[in-house]
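The values are calculated or read from the model by the stated rules, or taken from the named source; none is laboratory data. Predicted model, so just to flag it, every value in this text is computed and none were measured. Reconstructed Cβ throughout: ideal geometry from the backbone, glycine too, with neighbour counts over all protein chains shown. To get the accessible areas, we keep the full protein, side chains included, count just its heavy atoms, and leave off ligands, DNA and RNA. Shrake-Rupley method; radii C 1.70, N 1.55, O 1.52, S 1.80 Å.
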Amino acid sequence: MRVPTLAMGVCCLAAAAIGLAGPAAAQSKPTAYVNAHIIPVDAPEIDRGYLLVRDGKIARVAEGALAGVAGDEIEVIDCQGKVIMPGLIDTHSHIGGIGGADGSGPIQPGVRVRDSINVRSSGFRRALAGGITTQNIMPGSGHLSSGQTVYVKLRFRKGEDAEGVRTIDDITYWTDDAKSGERRPMGGLKMANGTNPQRDGGASGFPETRGKAAFLVREQFIKAQEYQRKLDAAKNPDGSVDESKLPERDLDMETLCEVMRGERVVHHHTHRHDDIMTVLRLAEEFHFRVVLHHVSDGWLVADEIAKAGAPVSAILVDAPGGKHEAVGLRFETPAILERAGVLTAVHTDDWITDSRVFLRMAALAVRGGMTREGALKSVTLAGAKILDLDDRIGSLTPGKDADFIVLSGDPFSVYTVVEQTYVEGRLAFDRSDAEDHLYAVGGVGAVHDVSPYYCCYDQWLGEGE
Amino acid sequence: MRARWIIGALALLASAAGAQIAVKADKLWTMEGDPIDHGVVLIGANGKIERVGARLPVPPGYEVRECAVATPGLVDVRTTVGLTGLYNVPADQDQFDNAAPIQPGLRAVDAYNAQDRLVAYVRGFGVTTVHTGHAPGQLITGQTMVAKTRGKTVDDAVIVPEEGLAATLSPIAQRGGGQSPGTRAKMMEMLREELLKAQAYQKKWDKFENPDEDEPAAGDEAAPDGDKKKEKDPPARDLKMEALVKVLKGEIPLIVTANKAQDIANALRLADEFGFRLWLDMGAECPLFSDELKARGVPVLLHPTMYRAVGDSDGLSYETAAKLADAGVTFAIQSGYEGYVPKVRVVLFEGGAAAGDGGLGFERALRAITIDAAKILGVDNRVGSLKPGKDGDVAMYDGDPFEYITHCVGTIIEGEAFGGEREFEMNYP
């Protein structure tokens, strides 16, 4: 076990004390982070206040000096000059060496990305360095559907159980089915349209055109409707299931049925304005819940998106272009969507952009005219809503998970760095620690177990089209 | 309707070249000393800076432009803008020709699209001078040039047509399928052979141009025909060799892209053998060589701060710039080459990341994208700082230029005023 160095400011000193106390003590002893500028996100910013954490949950957020808690019962950490806000939520990431569908066909909803993830990838540690505590990890956009996504909480901890994360199961968000009691991993379904899933020559059934792409998707959903009818027909009047009537299990169909029943959200890659409209058209036809991802042209059809009630997870990159669909990309898109009334998040699409500078993207949205409040939500609460996790994360609200970050200054300043990242009340990243510092700034040894996002790496190297 | 409005707006934004302009800034960074509060830059009708100072009176006839912060027009020490177009399709990608690994004869001036939208895009963020040309990707990809981010044609834009020759010592220049080069050692062998050929070519020409010096033994017997030698046909011209000879003579540098320590060591070894001027490009792991780079005066055209750390650049750091600065190595920060999205990087943003996350600080980062870049490129007599006699190139901002939420509100190139970032193509491209 390594102990964080004691060289830095007061925040770090106290954080080290928690690490030494061990996980049990840290869990049981409440901790107060005092004298900080606090951004709860769902409430007005507090210029000088405190955050009280108990048993990994947020117990209280309040203005002024710590009060109403016995001094010896509590760890007090002075965060003078620091800014505290919720851990960031990245609604679209490709880290961990992801792999989804293969080249055998364009629509493979039965494939699960969680079967491919390497939790030892430095990508996770770099994400924590950027203040990210929750991610939607997705397979790529080279298919009409490349499979199921997974929602993860970056439960990496410094201190005695730093090795605590051994498999993807240790960081997965689970949902407990009320009826069956079955524990199920949370995630959506990745879909894509536009040029990425199109392939010249139509090899392996991939579409060459937009019309064909929509046709192929509709065909599968219609097949899934038939499958759902068989599932429904197997139900007895008392609600029990007549197993003899069930259709043969089909993983692709099961997934599409989850989607049509609203149990699984579609995370849809889409850039061009007409492609965005196609997604909305299909969502209406098959009654699925959809989140529009990237939406380079979103500013051109903002009112239509608002009318459809679809949330957006947008990306801003430093320049337009690089592909035909992204020539209309603008920093103004989140602002225009916000004004149209669209629930708008932003995402890293790591490695398209770097998780370590995720806050920068929200700041660029402000540069493009988004409100400060909207931009703060775009990396926190909006993402939580999009992932159906807003009852647990996304704001500093009593009862929610104590996922938060300590910043050296204003979240939207280029001179601000993430100093610490806490997940469920425990220290997961500390910039003053040498290893974490390396993950934060990069350098020889900072990147390991990383496979570049395969959709575009060849193109980036100049070997692709 | 919209298009007409846009054209009208652009016409208003781009004042005619030759207008006299006074830039007034609450804070003026001249890069020639401390910043000036309430600074004024007067640009004459010839596009040159006439005066710089605090609270200067503006003579009549000058168009006044006010902003919170002004800096010299930014100088991007290495980019491929103009060769790597917006759409990223074969029709607008001219950064390297994959037909052969060694093509020193290719010239940036023959490939630069002055009207590519990305040129206007980076100008909108204050970039006025770019060192652009063939990208890393093949062993020798071609020649680079220095240009201003304006003009309808390359002739309007270019200020140094042959700046350097771009070479790559990195696995990205390796070729598959049994083609050479397939390894690092092979890359070195091929470069050495090519440079040896160039030495021989240079000798042939030297001999042709200076026959007497080359053949001292001929004096005894050939006196009557002495003049005939000069009438001999010149050696056949070889465009590839001509470019390499310029490198060997020190007229232009060999700009070697290298990230890994062994590739950087190879670049230094090659320069030792052939005595050319070496510029190190990218240099992810170059702080390991700080002492050598400083002692030998090798400048570093440093990787974009936020460049992706994958493949052979996985050792790069936000702090590389600060480490070089602390060690006294000459460097400037580049926007580099991107094969995908984003199609260009903006050197203003890369400087900002170095200033903030990288710990370089504001002033050193600003130097790295203005005067220090101009000095490396040898164009500091014209650009890189605000000083009487230099080009009237100014970038204007509504706050600290590096802050994420600040905007570039206008760019001036030799007295020609352009809009800032928000005036970039408001209509759908």
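To keep it simple, each residue is scored yes or no on (1) in a helix (DSSP H, G or I); (2) under 16 Å from B:Gly82 (Cβ atoms).
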site: B:Leu106; (1), (2): no, yes
site: B:Tyr112; (1), (2): no, yes
site: B:Tyr121; (1), (2): yes, yes
site: B:Gly176; (1), (2): no, no
site: B:Ala185; (1), (2): yes, no
site: B:Met190; (1), (2): yes, no
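Given the structure, is A:Asp430 touching a His at 6+ places or on another chain (Cβ under 9 Å) and within 14 Å of chain B (Cβ to nearest Cβ)?
In short, no.
So A:Met370 ticks every box in (1) under 19 Å from A:Val41 (Cβ atoms); (2) not in a loop (DSSP other than H, G, I, E, B) but one. Which box is left unticked?
Checking A:Met370 against (1) under 19 Å from A:Val41 (Cβ atoms); (2) not in a loop (DSSP other than H, G, I, E, B), the one that fails is (2).
Would you point out the residue of the stretch A:175-193, among those that are assigned to a strand (DSSP E or B) and modelled with pLDDT of 95 or more, that is most open to solvent (accessible area, probe 1.4 Å)?
Result: A:Pro185.
Of all residues in the stretch B:310-342, which are hydrophobic (A, V, I, L, M, F, W, C) and within 20 Å of the chain's Cα centre (by Cα)?
Selection gives B:Ala321, B:Leu324, B:Ala325, B:Val329, B:Phe331, B:Ala332, B:Ile333.
Before we move on, is A:Arg155 within 15 Å of the chain's Cα centre (by Cα), open to solvent by 10 Å² or more (accessible area, probe 1.4 Å) and over 15 Å from A:Pro109 (Cα atoms)?
In short, yes.
Pick from the stretch A:255-273 the residues that are of a type in the set (D, E, K, R) and open to solvent by 50 Å² or more (accessible area, probe 1.4 Å): which of them is farthest from A:Ala224 (Cα to Cα)?
Here the residue is A:Arg272.
Given (1) closer than 27 Å to B:Leu377 by Cα; (2) more than 25 Å from the chain's Cα centre (by Cα), where does B:Glu66 come up short, assuming only one miss?
(1)
Give the stretch A:315-347 a look and list any residue that's away from chain B (no Cβ under 14 Å) and either in a strand (DSSP E or B) or under 22 Å from A:Gln198 (Cβ atoms) (or both), or say none.
Once the filter is applied, which keeps residues that are away from chain B (no Cβ under 14 Å) and either in a strand (DSSP E or B) or under 22 Å from A:Gln198 (Cβ atoms) (or both), the stretch A:315-347 yields A:Thr344, A:Ala345.
Mind checking which residues of the stretch B:1-46 are of a type in the set (Lys, Arg) and at pLDDT below 95?
B:Arg2, B:Arg4 - these are the residues of the stretch B:1-46 that are of a type in the set (Lys, Arg) and at pLDDT below 95.
Residues that are surrounded by 24 or more Cβ atoms within 10 Å (Cβ to Cβ) and farther than 25 Å from A:Val290 by Cβ: does the stretch A:376-395 have at least one?
Within the stretch A:376-395 (the criterion being surrounded by 24 or more Cβ atoms within 10 Å (Cβ to Cβ) and farther than 25 Å from A:Val290 by Cβ), the answer is no, since none of the residues qualifies.
For B:Arg51, state whether it is more than 22 Å from the chain's Cα centre (by Cα) and at pLDDT 95 or above.
Here the answer is yes, as B:Arg51 does meet what is asked.
Among the residues of the stretch B:381-393, is any under 19 Å from the mean Cα position of the chain (by Cα), at negative phi and within 12 Å of chain A (Cβ to nearest Cβ)?
Checked against the condition, which is being under 19 Å from the mean Cα position of the chain (by Cα), at negative phi and within 12 Å of chain A (Cβ to nearest Cβ), the stretch B:381-393 yields no hits at all.
Just checking, which of B:Asp263, B:Asp291, B:Asp281 is open to solvent by less than 10 Å² (accessible area, probe 1.4 Å), in contact (Cβ under 8 Å) with a residue 24 or more places away in the chain, among the charged types (D, E, K, R) and away from chain A (no Cβ under 14 Å)?
Matching residue, one of B:Asp263, B:Asp291, B:Asp281: B:Asp281.
Filter the stretch B:341-360 for residues that are outside any loop (DSSP other than H, G, I, E, B), touching a Gly at 6+ places or on another chain (Cβ under 8 Å) and open to solvent by 10 Å² or more (accessible area, probe 1.4 Å) and give the result.
none
Which residue out of B:Val81, B:Val58, B:Val109, B:Val69 is among the aliphatic types (A, V, I, L, M), touching a Phe, Trp or Tyr at 6+ places or on another chain (Cβ under 6 Å) and modelled with pLDDT of 95 or more?
B:Val69
Check every one of the strands (runs of 3 or more DSSP E) wholly within the stretch B:361-429 and list those with 2 or more residues that are open to solvent by 10 Å² or more (accessible area, probe 1.4 Å) and under 27 Å from B:Leu86 (Cα atoms).
Ranges flagged: B:416-418.
Among the listed residues A:Glu419, A:Glu332, identify the single one that is over 30 Å from B:Arg364 (Cβ atoms) and charged (D, E, K, R).
A:Glu332
Which one of these is open to solvent by 30 Å² or more (accessible area, probe 1.4 Å) and at pLDDT 95 or above: A:Ala283, A:Ala233, A:Ala319?
A:Ala233
Can you tell me which residue among A:Ala101, A:Ala70 is of a type outside the set (D, E, K, R), over 24 Å from A:Ala314 (Cβ atoms) and free of Cβ contacts under 8 Å to residues at least 24 places away in the same chain?
A:Ala70
Go through the stretch B:114-138 and report how many residues are away from chain A (no Cβ under 13 Å) and out of contact with any Lys or Arg (no Cβ under 9 Å at 6 or more places or on another chain).
Within the stretch B:114-138, residues that are away from chain A (no Cβ under 13 Å) and out of contact with any Lys or Arg (no Cβ under 9 Å at 6 or more places or on another chain) number 1.
Which one is surrounded by the most Cβ atoms within 10 Å (Cβ to Cβ) among residues in the stretch B:314-340 that are of a type in the set (Phe, Trp, Tyr) and more than 16 Å from B:Asp281 (Cβ to Cβ)?
For the stretch B:314-340, the residue satisfying everything is B:Tyr318.
Name the residue that is surrounded by the most Cβ atoms within 10 Å (Cβ to Cβ), counting only residues in the stretch B:62-79 that are of a type outside the set (Lys, Arg) and closer than 16 Å to B:Val160 by Cβ.
Here the answer is B:Asp76.
Of all residues in the stretch B:332-380, count the ones that are out of contact with any strand residue (DSSP E or B) (no Cβ under 9 Å at 6 or more places or on another chain), within 10 Å of chain A (Cβ to nearest Cβ) and charged (D, E, K, R).
Residues meeting the conditions: 1.
From the residues in the stretch B:157-176 that are over 17 Å from the mean Cα position of the chain (by Cα) and open to solvent by 10 Å² or more (accessible area, probe 1.4 Å), which one is nearest to B:Ala417 (Cα to Cα)?
Per the criteria, the residue is B:Ile172.
Taking the stretch A:398-420 only, how many residues are of a type in the set (S, T, N, Q), more than 14 Å from chain B (Cβ to nearest Cβ) and open to solvent by 10 Å² or more (accessible area, probe 1.4 Å)?
The qualifying residues number 0.
Please determine, by comparing only the residues of the stretch B:95-113 that are charged (D, E, K, R) and under 18 Å from B:Leu139 (Cβ atoms), which one is most open to solvent (accessible area, probe 1.4 Å).
Within the stretch B:95-113, the match that is most open to solvent (accessible area, probe 1.4 Å) is B:Arg107.
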